[in-house]
Amino acid sequence: MLCYPYLYFKDYFKHYNCQIHSTKNISFGSILTSDVVILASGGCFEVLDRFQDHINTLLDINDNVISWGCGHNEHNDRPVYWHIDYHKFKLLSVRDYNFPGQEYVPCVSAMNPLLDLKLVEKREIGIIEHQDFPINEFRFDKIDHKQSMEKICKFVAESKIIITNTYHAAYWSQLMNRKVILYKPFSSKFKNFRHQPIEYSGDLKRDIELSKNYPLFLSESREINKRFFIKVKKIIESI
C-alpha cells in the first residue's frame, strides 16, 4: 500500500481524476483505452498467475500502461505459467537492478519521509521477519513486516544491523544506511537489489564484516524516482 506514486506526488496527481485500484481487484470496466494506467504494486511480476492475467488484461485494454518500479517476484516453490508481454507497456521500469532490457527505478516508497528518521541506536542487531517465514535461529529483538512503516522505520533507526527475509525491510534498512543480512531468500525478488545484501552463510560474524553501509542510497533512489516522474508527467500531458 506504500508503493504507489500517488502518495508521494499528490500535488501533481490531485489535479486529475485518479482512481486507485488493487492488483487483486482491478475495476477493468472503469478503465478507458485512452486513460493512463500506472502500475506500482511492489513485487507483482511473476508472483501469481492471477496477477499475470490481470496485468495482461490491462495491457490489452489500455494503450498507456506504465510500470513504476514494479518487481519480479517468482517464488521458488510456486512457478507461474502465464507470461507478460512487456513490450506492450508505454513506459516500463522495474525495481530490479540490471534486469535485462528494463529500466531501473527503485521502489517509490523511497520518497517516504519516515526513512529520514534518526534515533539513538538501542541495539546492535535487530530482526524483521516475514509473517509466513519466521526467523527463529537467533535471540535478538524482533518484529515482523505486518507492522506499520512507522514502527518498522523506528526499529531500523534504533538498530545498527538488520537481519531480514522481507524485501522492503531490507530495502528500507539500506535506505536508512544500515547493514543488512538477508536470511534464506525464498523468491527471485531478492536477486536484483541495487546493493545486494550479504546472504546469511551460517557465520553471522563473518557476514556482518562483509556487509556495507550505503549512505547515498536514499538520495540516489529519490532522485531516480523524481526523474522518472518527469517521464510519466510528459506522457500524461501528451494525451
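Packing-based ranking of 10-20, 187-197, 207-217 yields 187-197, 207-217, 10-20, ordered from highest to lowest mean Cβ neighbour count within 10 Å. Over the chain, with every protein chain in place, what whole percent of the accessible area is carbon and sulfur at 1.4 Å, could you tell me? Ligands and nucleic acids excluded, carbon and sulfur reach 50 percent. Residues in the chain average 52 Å² of solvent-accessible surface per residue, probe 1.4 Å, ligands and nucleic acids excluded.
Taking a straight Cα-Cα cut-off under 20 Å and skipping sequence neighbours fewer than 8 places away in the same chain, the lysines within cross-link reach of Lys88 are Lys231, Lys233, Lys234. Placing unit charges on the Cβ atoms only, positive for Lys and Arg and negative for Asp and Glu, gives region 60-119 a dipole magnitude near 180 debye about its Cα centre. In this label model, His195 and Tyr97 are separated by 0.8 nm, measuring between points 7 Å along each Cα→Cβ vector. Treating r as the C-beta distance of Asp116 and Ile235 and R0 as 35 Å, the FRET efficiency rounds to 0.75. Temperature 25 °C, viscosity 0.890 mPa s: under these conditions the Stokes-Einstein estimate for region 1-55, based on its Kirkwood radius over C-alpha pairs, is 196 µm² per second. Percent of C-alpha pairs per 10 Å bin in the chain, short distances first: 7, 31, 34, 20, 7, 1.
For Lys212, a cut-off of 16 angstrom between C-alpha atoms picks up these lysines, skipping any fewer than 8 places away in its own chain: Lys160, Lys179. The simple spin-label model puts a point 7 Å past each Cα toward its Cβ; for Glu223 and Lys160 those points are separated by 3.0 nm. One decimal place: the segment Met1-Tyr86 gains 28.3 nm when fully extended, by the rule 0.36 nm per residue minus the C-alpha distance. Full extension of the chain between Lys205 and Ser148 yields a length gain of 17.6 nm, computed as 0.36 nm times the residue separation minus the alpha carbon distance.
Using the Karplus relation 6.51 cos²θ - 1.76 cosθ + 1.60 with θ = phi - 60°, the per-residue 3J(HN,Hα) values for region 66-80 come to 10, 9, 10, x, 5, x, 6, 8, 7, 7, 4, 10, 9, x, 10 Hz, with x marking Gly and Pro.
The values are calculated or read from the model by the stated rules, or taken from the named source; none is laboratory data. Here the structure is a predicted model, which is why all the values come from computation and not from measurement. Glycine gets a Cβ as well: all are built from the backbone with ideal geometry, and neighbour counts include every protein chain shown. SASA here: full protein model, heavy atoms, side chains in, ligands and nucleic acids out. Shrake-Rupley method; radii C 1.70, N 1.55, O 1.52, S 1.80 Å.
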